[in-house]
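Report on one structure; see the data block that follows.
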Number of protein chains: 4
Amino acid sequence: MTRRIGLTTGGGDCPGLNAAIRAVVLRAAARGMEVLGIEDGLLGLLAGTGAGVRLLRPDDVEPILNRGGTILGTTNRGNPLAFPMADGSVVDRGDEIVARARELDLECIVMAGGDGTQSIGLELAARGLAVIGLPKTIDNDLSHTEATFGFATAVGVAVEALDRLRTTAESHERVMILEVMGRGAGWIALEAGIAGGAHVVLLPEIPYDPDVVADAIRRRRRAPRPFALVVVAEGAHPPGEAPPRHAWPGTHGSTALGGAGMRCAELLAQRVADCEIRVTVLGHTQRGGTPVPFDRLLATRLGTEAADAAYERDHGVLMAWVPPDVRRIPLDPTIRTPRLVDPASQVVRHAEALGICLGRIPPA
Amino acid sequence: MTRRIGLTTGGGDCPGLNAAIRAVVLRAAARGMEVLGIEDGLLGLLAGTGAGVRLLRPDDVEPILNRGGTILGTTNRGNPLAFPMADGSVVDRGDEIVARARELDLECIVMAGGDGTQSIGLELAARGLAVIGLPKTIDNDLSHTEATFGFATAVGVAVEALDRLRTTAESHERVMILEVMGRGAGWIALEAGIAGGAHVVLLPEIPYDPDVVADAIRRRRRAPRPFALVVVAEGAHPPGEAPPRHAWPGTHGSTALGGAGMRCAELLAQRVADCEIRVTVLGHTQRGGTPVPFDRLLATRLGTEAADAAYERDHGVLMAWVPPDVRRIPLDPTIRTPRLVDPASQVVRHAEALGICLGRIPPA
Amino acid sequence: MTRRIGLTTGGGDCPGLNAAIRAVVLRAAARGMEVLGIEDGLLGLLAGTGAGVRLLRPDDVEPILNRGGTILGTTNRGNPLAFPMADGSVVDRGDEIVARARELDLECIVMAGGDGTQSIGLELAARGLAVIGLPKTIDNDLSHTEATFGFATAVGVAVEALDRLRTTAESHERVMILEVMGRGAGWIALEAGIAGGAHVVLLPEIPYDPDVVADAIRRRRRAPRPFALVVVAEGAHPPGEAPPRHAWPGTHGSTALGGAGMRCAELLAQRVADCEIRVTVLGHTQRGGTPVPFDRLLATRLGTEAADAAYERDHGVLMAWVPPDVRRIPLDPTIRTPRLVDPASQVVRHAEALGICLGRIPPA
Amino acid sequence: MTRRIGLTTGGGDCPGLNAAIRAVVLRAAARGMEVLGIEDGLLGLLAGTGAGVRLLRPDDVEPILNRGGTILGTTNRGNPLAFPMADGSVVDRGDEIVARARELDLECIVMAGGDGTQSIGLELAARGLAVIGLPKTIDNDLSHTEATFGFATAVGVAVEALDRLRTTAESHERVMILEVMGRGAGWIALEAGIAGGAHVVLLPEIPYDPDVVADAIRRRRRAPRPFALVVVAEGAHPPGEAPPRHAWPGTHGSTALGGAGMRCAELLAQRVADCEIRVTVLGHTQRGGTPVPFDRLLATRLGTEAADAAYERDHGVLMAWVPPDVRRIPLDPTIRTPRLVDPASQVVRHAEALGICLGRIPPA
């Protein structure tokens, strides 16, 4: 009988997921294994969720390398360990998943996802399901791996926006605020800010002093070209304030967009006179579309190695990027600890060395 | 004595302005004329505004063809005909401009701008200044010209955003709303919507019925891939409602972002159950950055023809794009009437023929 | 019985074909008609060619709007009116096509293609097949239509190459030659050259004098930044010389790449001392990949109108772009006359007015 | 007296050089040092070469972050240690450089360049000049540093070309060969090939067996979509053959373009029947234009660290990228040993694991 493995994608999607799916399928086929795609996180294994499973063949996945999103869908209808039933109750359906995977003769399931998905994998592994983790998050904040795919594409979207904002900011002598993704981790803001020539970059990891930021803006306004580019992560906030979140219609009582960006704009407007401020919120454009080459390469290599791990029955491992190689490391609860921007790291020091204001007085 | 002309850019900037500047300067030089660049709209001609004039030579402008913005700056400090003085009064400084242009031996001034800039030109022409109009607006809503530069670049930014939103909308089965520029005219929304495969496109010219839009969304949610892309122009609104505007910090009492997009989201959330809606506001990224080839070509051709008109002392004319040629037409008050999307036009009919919902029941 | 039409794509592919296919299918479905896709030009109608027909449903074509190429394939195995048989004979299989179309109950066939494809359509129409023409060529040289889709994307690829070549040309003070498509018509070279800031543009329509070009290069080499950008259409050549063509391995005795570009380089190297020249051949990258928004819009509108013509049984017509509308014009033999660059047109005059050398002394 | 350092860029240019220049200048200014830009490699220090020196101030370099090329020019007129004189002789002018640097009070010179430039730096250091090396090569083949800026941009250009070639290859069922840069090192070909979904990738490091490649092509031609993408590095060749080089007009007796790509095409045409092959040569487009975000980030960080090294008088060091940090390592003759693709490395194994043909039978 042909050996068979499962494959699923969970959590927020990101560019590169389809490249990873393709690699798992191509490599598994080369080793004589079948891949069953599980739709909508793991819900495709649960009856009555509207999702299912389907065999993925090499010809199906050949053309998806450069397409954003995931052909398998993602966890849109909830966590299988706390599944919302029609009657309003919340049910743990993990055992159902383990049983169904056995029925389908799945040797293991390769789970592409972030800390949430990997945590579900750990729980299911404890109940007897063989899992292999494939790290994925646009925020680049997973432990144990130097980079996650999707991140470079998101940085690319943000930098292109900065390049565009720069020319109009300069012509109109405006302060342009760009809000980018990153509730807990400021990697997108930091790397896009350096690469895009921002004058101020505000991160969740460094609560910002509005007076320090206002000073930086005033300094810029004395330059021959008195404009400023400000990058604000969604989770950036002054000390003592909670980061305001987008309040989407239908999910909250009130609605608002551009929480962190608009808050920063208000604080600056109170402090800097005669200054036109405009705010852009890139939103979900950061997590869609064609992945940049690095994300395709990384996703492809992680997927290839995951299929090899499956072939070797090397279960309970996470694929980690440790340049220039993919390594398999044990999948354990430390995956839940995010990898944040370290305010004392070299990249932060480099940003401040260049004169970028991070909302604090740079340490000596 | 070398013949000399002035050149200025006014109103909101848009990609292609630098290409037009370059063309005017290169062509004028080829005909033996000097070009004096006037900064910040016409303010460079007024003492005490912080702006000035500078000679533009071919070597200065050779590299700016593909750069966004305008090296001359734009009308950031107000209309010279209603200039805000330090003491709070508002003064007509038009005569000062006419006098200063004579002092500088400017045979005429080529004014690149939208309806506001061209109207100022008309008024100054009535006072004795020779002007030549070069039409420019990102909204594509100027009369007499089939297209304005900057517009194609803005459509490109919006379509790229739709391509990105599509993949994540599909993976997550979401309704994605993209708010684009266009307070009075819906050209960006309409062309980007068709080219980007939107399912709903809402224009200022066609007040939308939220129930009709909700029906379209519900239909999409029964499709095999139940996602939807909605493009909303800034000025789109239901009948009887004023379009909500962005309220920028520092300029208004309260602040809010994503007026028309968030309002549409609310109206849909009230009508469509169990539907995740997300909103992106592209903002000023639509008017910055490298112009697409068509905008460079159009700006270059308009600028070349404007320099030729100046050489021939053919004043009081507007450069108009009437494919495949640039024509010189009289600059007159009809320039103030915008060119809006005609709800009975072929392009609108094509959009509805394809099944795109414009917020109304399509006419039979 | 459901009304049914055929749809095929012929000749060299170009970005936008899939957008046109999608529009025909979506519009036909909205009017209650079925669309049968015919593969590989019309060969899908002929037994034993390895190609076939397939029903195209709206869900099949929804995602292809922004994908290059054609999902139907194109005329890879030859002209059905002069079909190469296995025994080496060449056979007219036109009657077989007409008969097969009747068998399949096709009311008409929408044929997307260039002058070759439309000519085949005319011949089949004479034999009783109802056809509707949808113009397509990357070269923009079809009569009766102001623009063809695919062209703007090709110009975009060429301009991006020029933007890249510019920075390295400037750093190294080199002459960079870019060979672009266009054997008979120079539209890509001309528009890309103007939009990309080329100093020399050589077109098939204006045989170039190498001495005039060498003078232009020498002039550039006295500039403060002594580099030059030269765009050469495939079909450009000095008077009396035939344009050298690429000789592909397997199809000719000898092989060579970059015919027109390398020939121009040789002629310059003989005339300009101490000058580093480099040549790039963009080749088929110009006809692939994601179409730019204008090409998607144009293809979508042409396809929508073609489906409406089919619904109205308005056969024997060609969809033509006459801005701002699509018009239906009679499909007749004048389609065989290409629309070339007119050396006396305004766009040519504008190019020379700016100082671009077209390989001739500009007319007074 | 203000402390002063020199800065120069040598060798082939690559995207990111201007970002590095900007970072050196901004960081030096923040530490109270002046930067003197030396033009055309080090020739700006030599009388009679047409090149010079100029003070670089922060306002000069603020806008160049995202521009390709180098504002300082590069070694266009030869190596200062073997300088070609007007009389045909070749002269070592190294001592003149050391003397001139002293006259100008340059504490040290930051030299951005590849192995050639760094070797010159080593020689000048031996003669008493303080140097700091900043590694740069589009080929990514410098020892001691995990990545060089410019490389990711080049990979991006190649992958975009593959994305475009893919759609037309598929429509026409062709074999598309893309020749990319890389005479000695195959990094661009390898990474672009994996990220772009190539079926065959040929590297200088693995001489290819044409029969093995032909087998791979024949296998592809039995697929449902019988097209193939082949990436060939400039330096790829069968065993025993020298890699053919481009022969540029004016520099060689005969001229030819697309050496390695055309040779591969010939070898395939001899072996695979009825197969249309087309060749594209990206040429210098790979080393120009806007750098991708990673290259800007890396160049900026290397430049910042180089300025800090200069401030600390930490001379004789090379800035190396050892993710996630920049490290200073001794500049020594090992810089001359290139970092090639290791045929036994994991990335090569991953490529073959996916089914990519590298022109050899994959090792077991």
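Tell me which residues come under 5 Å, amide H to amide H, from B:R3 once H is placed; ignore anything under 5 positions away on its chain.
Correct list: B:E34.
Suppose the Debye formula is applied to equal point scatterers at every Cα of segment B:1-113; what is log10 I(q)/I(0) at q = 0.09, 0.15, 0.17, 0.21 Å⁻¹?
Log10 I(q)/I(0), no solvent term: -0.23, -0.62, -0.78, -1.12.
To the nearest whole number, what is the average tally of beta carbon atoms from other chains within 10 Å of the beta carbons of peptide B:64-70?
On the way: counts 1, 7, 9, 5, 8, 9, 5.
What the average comes to for B:64-70 is 6.
Would you kindly calculate the translational diffusion coefficient of chain B, applying Stokes-Einstein with the Kirkwood radius from alpha carbon pairs, for 10 °C and a viscosity of 1.306 mPa s, and quote it in µm² s⁻¹ without decimals?
73 µm²/s
Any idea how far the Cα center of segment C:181-239 sits from the one of segment A:334-364, in Å?
50 Å
Taking amide H positions as placed in the peptide plane 1.01 Å from N, state which residues far from A:I109 in sequence (5 or more) or on other chains have amide H under 5 Å from it.
Those lying under 5 Å, H to H, from A:I109 are A:G6, A:A130, A:V131, A:I132.
So for each of C:333-342, D:44-53, B:7-16 I average, over its residues, the number of other beta carbons within 10 Å; can you give me the resulting order with the highest mean first? Intermediate results must be reported in sequence, preceding the final value.
Working: C:333-342: 15.4, D:44-53: 16.9, B:7-16: 28.4.
Most protected by this proxy first, the peptides run B:7-16, D:44-53, C:333-342.
Just the Cα atoms of the protein assembly as shown: what Rg and Dmax do they give in Å?
When restricted to the Cα atoms of the protein assembly as shown, Rg and Dmax are 31.1, 94 Å.
Which whole-number value in Å³ per residue fits the convex hull of the alpha carbons of segment A:51-203?
On the way: hull volume 25.8 nm³, N = 153.
Taking the convex hull of the Cα positions in segment A:51-203, it is 169 Å³ per residue.
If you plug each phi of segment C:162-170 into the Karplus form 6.51 cos²θ - 1.76 cosθ + 1.60 with θ = phi - 60°, what whole-Hz ³J(HN,Hα) values come out, in order, with x for Gly and Pro?
5, 4, 6, 5, 4, 5, 7, 4, 5
If you keep only loop residues by DSSP, which GluC sites (Glu not before Pro) in segment B:303-364 have at most 15 other Cβ atoms within 10 Å of their Cβ?
Working: sites: B:E305, B:E312, B:E352; in loops: B:E312.
Of the GluC sites (Glu not before Pro), the ones in loops of segment B:303-364 whose Cβ has at most 15 other Cβ atoms within 10 Å are B:E312.
Using 7 Å Cα-to-Cβ label points, what is the B:A364/B:D332 separation (nm, one decimal)?
Distance between the two pseudo-spin positions: 4.1 nm.
List the distances, in nm to one decimal, from the label point of B:R31 to the label points of the same position in every other copy, shortest first, placing each label point 7 Å from Cα along the Cα-to-Cβ direction.
Sorted ascending, the copy-to-copy spacings read 4.9, 5.4, 7.2 nm.
Return the FRET efficiency for the residue pair C:A344, B:D95: r is the Cβ-Cβ distance, R0 is 41 Å, and the value is rounded to the nearest 0.05.
Computed FRET efficiency for C:A344 and B:D95: 0.35.
Find the all-direction average of the projected area of the Cα convex hull for segment C:95-136, expressing the result in square nanometres with one decimal place. If you can, show how the numbers build up before the last one.
Details: hull surface 10.2 nm².
Over all viewing directions, segment C:95-136 projects a mean Cα-hull area of 2.5 nm².
What is the spread of the Cα atoms of segment A:9-64 along each of their three principal axes, largest first, in whole Å?
33, 25, 15
For D:L202, what residues show an amide H to amide H distance below 5 Å, using hydrogens built from the backbone and excluding near sequence neighbours?
Amide H neighbours of D:L202: D:V231, D:V232, D:A233.
In whole Hz and in residue order, list the ³J(HN,Hα) couplings for segment A:103-114 that follow from phi through the Karplus curve 6.51 cos²θ - 1.76 cosθ + 1.60, θ = phi - 60°; x for Gly and Pro.
Ordered by residue, 3J(HN,Hα) equals 3, 7, 6, 7, 4, 7, 10, 7, 10, 8, x, x Hz.
Ordered shortest first, which distances in nm separate the 7 Å Cα→C-beta label point of D:R221 from those of the other copies?
Label point to label point, same position, other copies: 4.6, 5.2, 7.0 nm.
Between copies, how far apart are the D:P58 label points? List them in nm, one decimal, shortest first, with each point 7 Å from Cα toward Cβ, please?
3.7, 5.8, 5.9
Which residue in D is nearest the D/B rotation axis when you measure from the C-beta atom, and what is the distance in Å?
Measuring from each Cβ to the axis, the minimum is at D:T290, 4.
Per residue of C:143-155, count partner chain C-beta atoms within 10 Å of its C-beta, then hand back the mean as an integer.
Numbers: counts 0, 0, 0, 2, 2, 0, 0, 0, 0, 4, 2, 0, 4.
Per residue, the number of nearby Cβ atoms from other chains is 1 on average.
Take peptide C:223-231, look around each residue's Cβ out to 10 angstrom, count Cβ atoms belonging to other protein chains, and average those counts. Can you show the working numbers first?
Working: counts 3, 2, 4, 1, 1, 0, 0, 0, 0.
Per residue, the number of nearby Cβ atoms from other chains is 1 on average.
Between segment C:84-163 and segment B:68-116, how many Å separate their Cα centres?
55 Å
Just the C-alpha atoms of segment D:300-364: what Rg/Rh do they give, with Rh taken as the Kirkwood radius? Mind showing how you got there, number by number?
Details: Rg = 18.1 Å, Rh = 14.9 Å.
My calculation puts Rg/Rh at 1.21.
In Å, what is the Rg of the alpha-carbon atoms in segment C:149-198, and how long is Dmax?
11.2, 36
Within segment B:272-333, which trypsin sites (Lys or Arg not before Pro) sit in a loop by DSSP and count at most 12 neighbouring Cβ atoms inside 10 Å? Spell out each step's value before the answer.
Values: sites: B:R278, B:R287, B:R296, B:R301, B:R313, B:R327, B:R328; in loops: B:R313.
Within segment B:272-333, the qualifying trypsin sites (Lys or Arg not before Pro) (loop, at most 12 other Cβ atoms within 10 Å) are B:R313.
Across all directions of projection, what mean area in square nanometres is found for the Cα convex hull of segment B:186-319? Mind showing how you got there, number by number?
On the way: hull surface 48.9 nm².
So the mean shadow area of the Cα hull is 12.2 nm².
Show me the trypsin sites (Lys or Arg not before Pro) within segment B:183-243 that DSSP assigns to loop and that have at most 12 other Cβ atoms within 10 Å of their Cβ.
On the way: sites: B:R183, B:R218, B:R219, B:R220, B:R221, B:R222; in loops: B:R183, B:R221, B:R222.
Listed in order of number, the matching sites are B:R222.
With θ set to phi - 60° and the Karplus curve 6.51 cos²θ - 1.76 cosθ + 1.60, what are the ³J(HN,Hα) couplings of segment D:11-16 in order, to the nearest whole Hz, using x for Gly and Pro?
For segment D:11-16, the Karplus curve yields x, x, 6, 7, x, x Hz.
In whole Å, what three semi-axes, largest first, describe the equivalent ellipsoid of segment B:221-300 built from its Cα gyration tensor (square root of 5 times each eigenvalue)? Intermediate results must be reported in sequence, preceding the final value.
Values: eigenvalues 160, 96, 28 Å².
Over the Cα atoms of segment B:221-300, the semi-axes work out to 28, 22, 12 Å.
Measure out, as a whole number of angstrom, how far apart the alpha-carbon centroids of segment B:273-331 and segment B:19-34 sit.
18 Å
Bear in mind that the values in this text are calculations on the coordinates, not laboratory data. Computed from a predicted model, the values in this text were never measured in an experiment. Cβ coordinates were reconstructed from backbone atoms using ideal geometry, including for glycine residues, and neighbour counts include every protein chain displayed.
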